[in-house]
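Below is one structure, written out as structure tokens; comments come after it.
The values are calculated or read from the model by the stated rules, or taken from the named source; none is laboratory data. All of these numbers come straight from a predicted model, not from anything done at the bench. With ideal geometry, Cβ positions are generated from the backbone for all residues, glycine too; neighbour counts draw on all protein chains shown. Side chains are part of the model used for accessible areas, which takes the heavy atoms of the whole protein and leaves out ligands, DNA and RNA. Shrake-Rupley method; radii C 1.70, N 1.55, O 1.52, S 1.80 Å.
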Amino acid sequence: MKRFKELYLAKEVELEDIDKYVGQWNFSEETCTLREYLGLNEEEEDVWISQSDEALFALLEAQRSKS
């Protein structure tokens, strides 16, 4: 299964779609963490939690621009 980050970097989903993935994880029987489910690394998760959605999106957008 492709994770949100992988799909976002491939321009297959938009940033707003992260909420859909969070919802899917909440109602799934997955044993992985939300970070793993979304395909985020520890730094990305920390920025998301400690700063904001926008800060996470800035990190992802920078990666997306490089690919």
Out of curiosity, is K5 surrounded by fewer than 13 Cβ atoms within 10 Å (Cβ to Cβ) and among the basic types (K, R)?
-> no
On the given criteria, is E45 farther than 15 Å from K2 by Cα and not in a helix (DSSP H, G or I)?
-> no
How many residues, within the range 22-57, are within 15 Å of L9 (Cα to Cα) and either at pLDDT below 95 or surrounded by 15 or more Cβ atoms within 10 Å (Cβ to Cβ) (or both)?
-> 6
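Out of L59, L40, report the one residue that is in a helix (DSSP H, G or I) and in contact with a helix residue (DSSP H, G or I) (Cβ under 9 Å, 6 or more places away or on another chain).
One residue alone meets the criteria, L59.
Just the residues that are of a type outside the set (D, E, K, R) and either in contact with a Leu (Cβ under 6 Å, 6 or more places away or on another chain) or open to solvent by 40 Å² or more (accessible area, probe 1.4 Å) (or both), please, taken from the range 9-20.
The initial filter retains those residues of the range 9-20 that are of a type outside the set (D, E, K, R), namely 9-10, 13, 15, 18.
Selection gives L9, A10, V13.
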